[in-house]
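> What follows is a structure written as structure tokens; I'll ask about it next.
Derivation of every value follows stated rules applied to the coordinates shown; laboratory data play no part. All values derive from a computational prediction rather than experimental measurement. Note that each Cβ is placed from the backbone with ideal geometry, even for glycine, and that neighbours are counted across all protein chains shown.
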Amino acid sequence: MAENKTKKTESSVESFIDSLSDEQQRDDSSVLVKIMRTISKREPKMWGTTMIGFGDYHYKYESGREGDIFQIGFSPRKSSLVLYSLNLENQESSLKKLGKFKTGKGCLYIKKLEDIDLTILKSMIEKSFKEKK
């Protein structure tokens, strides 16, 4: 069975955010860290080289594949912020009110936080985090 490539590291989340070349992404990433830290009551950890995660979650699929990942997390990518582990299939009513975003394979893509309703996003993150306890 293939091993999960994305693993928790000891790299500095703060250094990673500071290294982002786009000021908007640095600012938005800092806001997301504060939101996710408050909701999870966990400190952020780097997963791989570009993902910031909170909490630990062990998953096991019916296929037998299993592994470890964060309970909630995000990555500031070149074209957008990518939020992971939000259980989007259970968030349809919130998505209708969220604002400007895209989705794909369970991820939420946001260009900048000012494009969305942060209250709705916080609610979505909180719901997803509680579902993975």
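> Which GluC sites (Glu not before Pro) from segment 10-55 combine a DSSP loop assignment with at most 15 other Cβ atoms within 10 Å? Kindly include the intermediate steps, with their values, before the conclusion.
Numbers: sites: 10, 14, 23; in loops: 10.
Passing sites in segment 10-55 are 10.
> Can you compute the FRET efficiency between residue 21 and residue 63 using 1/(1 + (r/R0)^6), with r the Cβ-Cβ distance and R0 = 30 Å? Round to the nearest 0.05.
Numbers: r = 39 Å, r/R0 = 1.30.
Plugging the Cβ-Cβ distance into 1/(1 + (r/R0)^6) gives 0.15.
> Using only alpha carbon pairs under 8 Å that are at least six residues apart, calculate the relative contact order of the chain and give it in whole percent.
Across the chain, relative contact order equals 21 percent.
> With point charges of +1 on the Cβ of Lys and Arg and -1 on the Cβ of Asp and Glu, referenced to the Cα centre of the chain, which listed residue (61, 82, 6) lies farthest in the positive direction of the dipole?
It is 61.
> Under a point-charge model restricted to the Cβ atoms of Lys and Arg (+1) and Asp and Glu (-1), what is the dipole moment magnitude of segment 86-133 relative to its Cα centre, in debye to the nearest 20?
With only Lys, Arg, Asp and Glu charged at Cβ, the dipole is about 100 debye.
> Anyone know which of 45, 111, 78 comes out most mobile in the 10 Å Cα GNM of the chain?
78
> Taking the Cα centre of the chain as origin and charging only Cβ (+1 Lys, Arg; -1 Asp, Glu), how large is the dipole, in debye to the nearest 20?
Once rounded to the nearest 20, the dipole reads 260 debye.
> Taking Cα atoms of the chain, Rg/Rh with Kirkwood Rh, to two decimals?
Using Cα coordinates only, the ratio equals 0.95.
> Provide the FRET efficiency to the nearest 0.05 for the residue 5-residue 118 pair, computing r from the beta carbons and using R0 = 25 Å.
Numbers: r = 31 Å, r/R0 = 1.25.
Approximately 0.20, to the nearest 0.05.
> Then there's this: Quick one: of 45/97; 45/78; 5/105; 7/60; 7/100; 5/34, which pairs are farther than 28 Å apart, Cα to Cα?
With Cα atoms farther than 28 Å apart: 45/97; 7/100.
> On to the next question. Once you sort the root eigenvalues of the Cα gyration tensor of segment 64-108 as a ≥ b ≥ c, which label holds: rounded (a/c under 1.5), prolate (a/b larger than b/c) or oblate (the other case)?
Since a/c reaches 1.5 but b/c is at least a/b, the shape of segment 64-108 is classed as oblate.
> Follow-up question, since we're still on this one. If the elastic network links every pair of Cα atoms under 10 Å, which of 103, 119, 49 fluctuates the most in the Gaussian network model of the chain?
119
> Using alpha-carbon pairs under 8 Å, 6+ residues apart, how would you state the relative contact order of segment 48-106 in percent?
It rounds to 25 percent for segment 48-106.
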